[in-house]
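The structure under discussion appears below in the form of C-alpha cells.
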Amino acid sequence: MGKRYYFEEIVNFRDLGGYNTKTGKLLKEGRIFRSSMLFGPSKSDLSKWKNMQITTIIDLRAPKELVTDPNPYANFVSHYFNVNISGSQNAGRASQLAKVASSPYFMSDRYLEYVAAEENIAKACRVFLNHKDKPIVFHCSAEKDRTGVLSYLLLSLHEVLLPEIIADYQVSYTYIKHDPRILNSKNNLNVYISYPEIIEIFDTEFIKKYGSIEAYFSKIGFSSEEIIELKQLLL
C-alpha cells in the first residue's frame, strides 16, 4: 500500500508509489502523491511540504469548490493546475445519485462519468508528462473519487494488479471518516465509503467500454510513444 504521510491539517496524503507491477517491478516512491484537500498549512506541515520538494499541484476540484475552499498551497509551488473532471461547476452529482440508487456502490457510475471527461483527463495526464522531473501531488476534496479514478488510471497503466489498486482505494475512508471538513453529515454516507466493490464494478465497465487501459489513453489523444512515457512515470 502506498505510504501515508502524516500532516497536521491534511488527513489523506499518500504516495502513489511502492506497489509491485505484474512483471515484478517496484513503483518508485517520492514522485507522485495523491491527497485529500490541502487544508492549512500549519508551520510543521509547510516545513514537511518544502522538504518533499513538491513543485506541481493538480487540483481536480470543480470551480465552486475553489471559491469555497481556495487552495492554500497554490503559492508554495511553481506550477498549479486546476483540472475539473466533475463535468459541472460543482461536485454535487454524487448526492443526486445517492437519492435514486438501489445499490450502495452507485459511485461506480460516477467514476464512469469522470473518465468520460476525456479532454480534462488528458489535460491532467499531460501535466504528469510535462512536469515529471519534480514531485507532483494531485488531489480533490476527499481523495477518494476523482483522485481515486486518476490513481486507477495511472496504476493500471503501470500494470499494478487490480487487488492492489482496490486496496489503495479502500483505505481512503479510514482516513477521512472522522474529518467534518470532508464528510457532510447531510449526505448519504455511501457517498464517502470506499467500498472495494465500487472499483471492481467500475473496472469491469471500464474494460467493457474501452477495451484496455492503453486503448483508453489512445482514445483520449495520447500517441503510442506518450503512453509508453506515462507507463514509466513511476519506474
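What follows draws every value from the coordinates through simple rules; no lab data is involved. Quick caveat: nothing in here was measured; it's all calculated off a predicted structure. Ideal geometry is used to build each Cβ from the backbone, glycine not excepted, and the neighbour counts take in all protein chains shown.
Its residue count N fixes a reference of 2.2 N^0.38 Å for the chain, and the Cα radius of gyration divided by that reference is 0.95. Computed over neighbours whose Cβ is under 11 Å from that of Val77, the net charge equals +1, Lys and Arg +1, Asp and Glu -1. Label separation (Lys28 vs Asn75): 3.2 nm, computed from points 7 Å beyond Cα along the C-beta direction. Dividing the helix sum by the residues of the chain, where each DSSP H run of 4 or more adds -39500 (n - 2.57), gives a mean residue ellipticity at 222 nm of -13000 deg cm²/dmol. Electrostatic tally near Ser218: other residues with Cβ closer than 14 Å to its Cβ, Lys and Arg +1, Asp and Glu -1, net -2. Other residues whose C-beta falls under 9 angstrom from the C-beta of Arg4 contribute a net charge of +1, scoring Lys and Arg +1 and Asp and Glu -1.
For Asn82, the amide hydrogen comes within under 5 Å of the amide hydrogens of Asp59, counting only partners 5 or more places away or on other chains and with H modelled in the peptide plane. A cut-off of 5 Å between modelled amide H atoms, ignoring neighbours fewer than 5 places along the same chain, links Ile136 with Ile32, Phe33.
Only Lys, Arg, Asp and Glu carry charge here, each on its Cβ (+1 for the first two, -1 for the last two); on that basis region 1-89 has a dipole of about 460 debye about its Cα centre. For the options Thr55, Thr21, Thr174, a Gaussian network treatment of the chain with springs between C-alpha atoms closer than 10 Å singles out Thr174 as fluctuating the most. Placing +1 on each Lys and Arg Cβ and -1 on each Asp and Glu Cβ, with no other charges, gives the chain a dipole about its Cα centre of roughly 380 debye. Distant-in-sequence amide contacts of Ala142, defined by a placed amide H-H separation under 5 Å and a gap of 5 or more residues or a different chain, comprise Met37. Mark the label point 7 Å from the Cα of Asn82 along Cα→Cβ and return the residues of region 131-145 whose backbone N is within less than 20 Å of it. Answer for this model: 137-145.
Backbone geometry of region 74-85 corresponds, through the Karplus equation with coefficients 6.51, -1.76 and 1.60 at θ = phi - 60°, to 3J(HN,Hα) couplings of 4, 7, 10, 10, 7, 9, 10, 10, 9, 10, 7, 9 Hz, x marking Gly and Pro.
From the alpha carbon centroid of region 67-133 to that of region 161-198 is 16 Å. For Asn51 and Thr204, a Förster radius of 41 Å and the Cβ-Cβ distance give a FRET efficiency of 0.50, rounded to the nearest 0.05. Peptides 7-14, 46-53, ordered by how many other C-beta atoms sit within 10 Å of their residues on average, highest first, read 7-14, 46-53.
Of all lysines in the structure, those lying under 22 Å Cα to Cα from Lys22, and not within fewer than 8 positions of it along the same chain, are Lys3, Lys208, Lys231.
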